[in-house]
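Presented below is the structure to which this report refers.
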Amino acid sequence: MNFTRRCKIVFASSRPRFNRNYRGNNKDRTRVNTAIRVPKIRLIDDEGNQMGVVDTRAGLEKAREAGLDLVEVAPNASPPVCRIMDYGKYRFEQEKKEKLAKKKQHVVQVKEIRFKLRIEEHDYQVKIKHIVEFLEKKHKVRVSLRFRGRELAHKELGGELLDRVASDISAWGEIDAPPKWMGKTMTMTISPKKQGLEKEKTKEKKTEEE
């Protein structure tokens with residue numbers, strides 16, 4: 001039986017380990033190979049040995065012989081310092097470090113939870129749950145309690161409510177400062193417990209070591 005099916009094979013091209021015309025990644029502006037225009041450079045070979053000041057062409061030739069790239073690592077030096085290395089592997093490692101550093105960064109946000117003086121128990125528990133969720137995500141929480149009309153005559157009840165909130169979330173957060181008044185509203189700011197943050201840092205450190 002004859003099969004006349006046509007198969008189209010596409011081969012993915014890859015950059016050879018050394019390409020005299022390869023000029024590096026546009027994002028980092030690192031000069032690589034022929035993008036290095038100065039006549040002389042201070043050369044470090046692929047094993048970390050200091051080769052002294054040489055012609056740039058000689059550095060390119062040594063990189064070509066090693067099947068690697070000539071990468072400018074200290075452009076402000078006189079003359080610039082260049083190293084023979086696998087630029088693709090170098091960029092991969094740099095990007096990996098950048099992603100790890102970015103992952104460690106945590107932008108603290110201040111979330112606000114609003115209470116009413118006469119709040120139903122179910123609504124109270126729901127709001128406490130939200131506060132705990134925010135604290136577990138390492139966010140600060142601003143608890144606000146607005147008084148309306150005759151409720152201002154019972155400010156002590158507002159203090160009791162905020163004290164209850166502080167007590168109920170004490171396992172996850174701590175009060176930054178005593179409640180304060182802003183117009184007709186009492187506010188209280190809660191921060192994640194430092195102990196929890198330290199545990200998180202220890203956990204991240206163990207993950208890196210593994």
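Results, tabulated for the structure shown:
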| item | result |
| --- | --- |
| Where residue 186 falls short, out of the listed (1) loosely packed, with under 11 Cβ neighbours inside 10 Å; (2) not in a helix (DSSP H, G or I) | (1) |
| Condition broken by residue 84, with the remaining ones in (1) surrounded by 17 or more Cβ atoms within 10 Å (Cβ to Cβ); (2) part of a helix (DSSP H, G or I); (3) out of contact with any Ser or Thr (no Cβ under 9 Å at 6 or more places or on another chain) satisfied | (2) |
| Hey, residue 160 modelled with pLDDT under 95 and either within 30 Å of residue 99 (Cα to Cα) or assigned to a loop (DSSP other than H, G, I, E, B) (or both) or not | no |
| Residue 12 being among the hydrophobic types (A, V, I, L, M, F, W, C) and either crowded, with 16+ Cβ neighbours inside 10 Å or modelled with pLDDT of 90 or more (or both) | no |
| Check on residue 168, under 22 Å from residue 193 (Cβ atoms), touching a helix residue (DSSP H, G or I) at 6+ places or on another chain (Cβ under 8 Å) and either exposed (fewer than 14 other Cβ atoms within 10 Å of the Cβ) or not aliphatic (A, V, I, L, M) (or both) | yes |
| Residue in region 124-138 that is touching a Phe, Trp or Tyr at 6+ places or on another chain (Cβ under 9 Å) and hydroxyl-bearing (Ser, Thr, Tyr) present | yes |
| In region 87-123, the residues that are part of a loop (DSSP other than H, G, I, E, B) and within 30 Å of residue 157 (Cα to Cα) | 109, 117, 118, 119, 120 |
| Options 130, 106; residue that is modelled with pLDDT of 95 or more and loosely packed, with under 14 Cβ neighbours inside 10 Å | 130 |
| Test set (1) among the charged types (D, E, K, R); (2) within 27 Å of residue 194 (Cβ to Cβ); (3) surrounded by fewer than 12 Cβ atoms within 10 Å (Cβ to Cβ) - residue 148 fails condition number | (2) |
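For every residue, the table says whether it meets (1) within 15 Å of residue 31 (Cβ to Cβ); (2) free of Cβ contacts under 8 Å to residues at least 40 places away in the same chain.
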site	(1), (2)
64	no, no
67	no, no
72	yes, no
81	yes, no
85	yes, yes
88	no, no
99	no, yes
103	no, yes
109	no, yes
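The values are calculated or read from the model by the stated rules, or taken from the named source; none is laboratory data. Here the structure is a predicted model, which means the values were calculated and not measured. Please note: Cβ atoms are built from the backbone with ideal geometry, for glycine as well, and neighbour counts cover all protein chains shown.
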